[in-house]
Amino acid sequence: MPSGAVEAPVPRGSAAAGSVDIAPTSAPTSAAPTGAVSAGAVSAVAELRDETMTNPWWKLMDTRIGIVPVPVFIGIVAIIAAYVRLGEVPADLTTAILVLGAGGFACAEIGKHIPGLKRIGAAAILATFVPSYLVYTHIIPSALKLSITTFTEQSNFLYLFIGSIIVGSILGMDRRMLIGGFLKIL
């Protein structure tokens with residue numbers, strides 16, 4: 001093709017398109033796909049799935065601490081460690097969410113793997129009390145403690161957190177039990 005020339009768009013269903021067509025070739029370009037999938041598309045998806053499952057990077061990304069993939073968690077911990085080493089941990093929303101999330105997910109993950117105690121809620125217990133113990137024994141660096149304390153005092157984060165727990169607990173209840181409870185109160 002000469003330089004400066006513009007390719008004309010190739011209509012759906014054309015063999016020159018070079019892509020997998022999921023719509024019938026007789027359908028106009030504005031019609032929605034009918035859901036028919038060609039054998040080539042199925043094999044392409046199966047090949048991509050097989051490649052993804054054998055790729056070590058994606059296996060690592062599928063391993064999670066809480067809801068965070070392990071490589072992302074390691075990155076978050078590295079960022080927090082760099083701030084602590086500099087001695088200046090910002091007290092902004094983003095940093096506080098990273099610090100609190102990483103600490104909470106790590107404690108909860110440990111609690112999920114303690115035999116016997118995991119059945120009585122060790123994940124929630126550890127996520128609640130281990131950070132308090134670490135502050136009490138001065139294991140958490142003072143810069144990190146100051147950042148978290150400043151954030152929680154200035155932003156009223158605890159009000160949002162407590163409200164979220166209450167609303168989440170109510171919305172997580174069985175609908176019939178919730179309605180029955182309201183009817184008994186009224």
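The values are calculated or read from the model by the stated rules, or taken from the named source; none is laboratory data. Keep in mind that what you see is a predicted model, and the values were worked out from it rather than measured. Ideal geometry is used to build each Cβ from the backbone, glycine not excepted, and the neighbour counts take in all protein chains shown.
As a summary of the residue check, Ile179 satisfies the conditions (1) surrounded by 12 or more Cβ atoms within 10 Å (Cβ to Cβ); (2) over 30 Å from Asp92 (Cβ atoms); (3) β-branched (Val, Ile, Thr) except for the one numbered (1). Scanning the stretch 139-168 for residues that are small (Gly, Ala, Ser) and over 20 Å from Val89 (Cα atoms), we see that the one that is modelled with the highest pLDDT is Gly163.
Just to be sure I understand, how many residues within the stretch 95-107 are surrounded by fewer than 18 Cβ atoms within 10 Å (Cβ to Cβ) and either more than 15 Å from the chain's Cα centre (by Cα) or closer than 15 Å to Val130 by Cβ (or both)? Number of matching residues: 2.
Which of the following residues is surrounded by 12 or more Cβ atoms within 10 Å (Cβ to Cβ), among the hydrophobic types (A, V, I, L, M, F, W, C), assigned to a helix (DSSP H, G or I) and free of Cβ contacts under 8 Å to residues at least 60 places away in the same chain: Ile76, Ile80? Write out each step before concluding.
Values: Ile80 fails: free of Cβ contacts under 8 Å to residues at least 60 places away in the same chain.
When all the criteria are applied, what remains is Ile76.
Screening Asn156 with (1) more than 25 Å from the chain's Cα centre (by Cα); (2) surrounded by fewer than 13 Cβ atoms within 10 Å (Cβ to Cβ); (3) among the polar types (S, T, N, Q) gives one miss only, at (1). At pLDDT below 80 and either at positive phi or in a helix (DSSP H, G or I) (or both) - does that describe any residue in the stretch 64-71? The answer is no, given that none of the residues of the stretch 64-71 is at pLDDT below 80 and either at positive phi or in a helix (DSSP H, G or I) (or both). Identification of helices (runs of 4 or more DSSP H) wholly contained in the stretch 87-186 with 3 or more residues that are among the basic types (Lys, Arg) yields 175-185. Taking (1) within 20 Å of Ile65 (Cβ to Cβ); (2) free of Cβ contacts under 8 Å to residues at least 12 places away in the same chain in turn, Leu144 satisfies each apart from (2).
Quick one: would you say Ile110 is among the aliphatic types (A, V, I, L, M), over 22 Å from the mean Cα position of the chain (by Cα) and closer than 27 Å to Tyr83 by Cα?
Numbers: among the aliphatic types (A, V, I, L, M): yes; over 22 Å from the mean Cα position of the chain (by Cα): no; closer than 27 Å to Tyr83 by Cα: yes.
So Ile110 fails the test.
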